[in-house]
């Protein structure tokens with residue numbers, strides 16, 4: 001009597017990952033309003049916030065307040081981090097959309113690992129976020145001719161991109177974890193906005209960490225906020241003006257990314273689709 005052997009699924013499933021990656025890009029391209037919002041948002045922050053306020057702070061205060069940077073150069077890494085935060089956490093709402101419209105049910109019954117589906121979605125979102133980041137840096141470099149922003153070196157730029165990838169995956173895992181736990185799209189969006197904006201404003205993205213030292217609770221919250229280390233690391237690699245040790249920035253972001261990627265993968269693989 002012959003015994004049938006069950007073929008094991010490969011750990012790395014290239015075709016499902018590629019398919020989900022491509023689907024995320026095609027869906028992005030097919031939504032002009034999303035394209036406009038993705039690229040207009042950092043441009044708006046740089047032009048409407050960075051340009052006017054860089055004229056407010058006199059030169060004498062720059063050395064003490066912004067680590068030797070102009071205000072415009074100081075907020076560029078913060079604007080980059082904002083795109084990574086919002087883009088990463090919003091990956092959770094795409095899961096809910098797909099669940100609501102039945103697409104998720106179709107792909108989850110396919111004979112592929114659910115983690116492959118998660119990886120493909122995450123890589124698609126990462127590609128969009130990196131395009132946004134490159135466009136933001138290009139705009140900042142053009143404006144920086146007059147406003148004092150420049151990248152310290154090519155190596156610093158490459159390291160900053162690598163650090164942005166890790167930071168993005170940290171918040172992708174966070175978004176997918178919430179998306180797998182919350183059933184309603186409206187509820188997810190409400191909760192995620194309640195988390196995103198305090199996290200952004202208490203990260204040192206727009207003002208140095210020590211500027212709210214006199215407000216005890218808010219000052220301490222900055223140091224348990226993972227985005228603080230993401231902003232500081234990107235700023236350090238791009239401009240050389242980090243306020244915390246870079247080894248600490250890397251350690252915290254890598255730990256946060258690993259924790260929530262594993263948690264997000266676990267929740268995604270256990271998620272029930274009606």
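The values are calculated or read from the model by the stated rules, or taken from the named source; none is laboratory data. Just so you know, these numbers come straight off a predicted model, no measurement behind them. Virtual Cβ from ideal backbone geometry, glycine too; neighbours counted across all protein chains shown.
A few remarks follow.
- When each of 233, 187, 214 is tested for being part of a helix (DSSP H, G or I) and surrounded by fewer than 19 Cβ atoms within 10 Å (Cβ to Cβ), the lone residue that passes is 187.
- Residue check for residue 196: part of a loop (DSSP other than H, G, I, E, B) and at pLDDT below 90: no
- Counting only helices (runs of 4 or more DSSP H) that sit completely within the stretch 27-129, those holding 1 or more residues that are in contact with a helix residue (DSSP H, G or I) (Cβ under 7 Å, 6 or more places away or on another chain) and either more than 19 Å from residue 231 (Cα to Cα) or at pLDDT 80 or above (or both) correspond to 32-44, 51-54, 71-89, 91-100, 103-108.
- For the residues 224, 166, the requirement of being modelled with pLDDT of 85 or more and closer than 22 Å to residue 24 by Cβ singles out 166.
- Residue 133 vs. criteria touching a residue at least 40 places away in the same chain (Cβ under 8 Å), farther than 17 Å from residue 95 by Cα, over 13 Å from the mean Cα position of the chain (by Cα) and surrounded by 20 or more Cβ atoms within 10 Å (Cβ to Cβ): no
- Within the stretch 136-158, restricting attention to residues that are more than 18 Å from residue 68 (Cα to Cα) and out of contact with any helix residue (DSSP H, G or I) (no Cβ under 8 Å at 6 or more places or on another chain), the residue that is surrounded by the fewest Cβ atoms within 10 Å (Cβ to Cβ) is 154.
- Residue match in the stretch 217-227 (condition: more than 17 Å from the chain's Cα centre (by Cα), assigned to a helix (DSSP H, G or I) and under 17 Å from residue 75 (Cβ atoms)): yes
- Count of the stretch 241-251 residues which are loosely packed, with under 15 Cβ neighbours inside 10 Å and modelled with pLDDT under 90: 0
- Scope the stretch 252-271; condition at pLDDT below 75, in a helix (DSSP H, G or I) and in contact with a helix residue (DSSP H, G or I) (Cβ under 7 Å, 6 or more places away or on another chain); matching residues: 267, 268, 269
- Taken over the stretch 143-182, the residue count meeting the criterion of being touching a residue at least 40 places away in the same chain (Cβ under 8 Å) and not in a helix (DSSP H, G or I) is 6.
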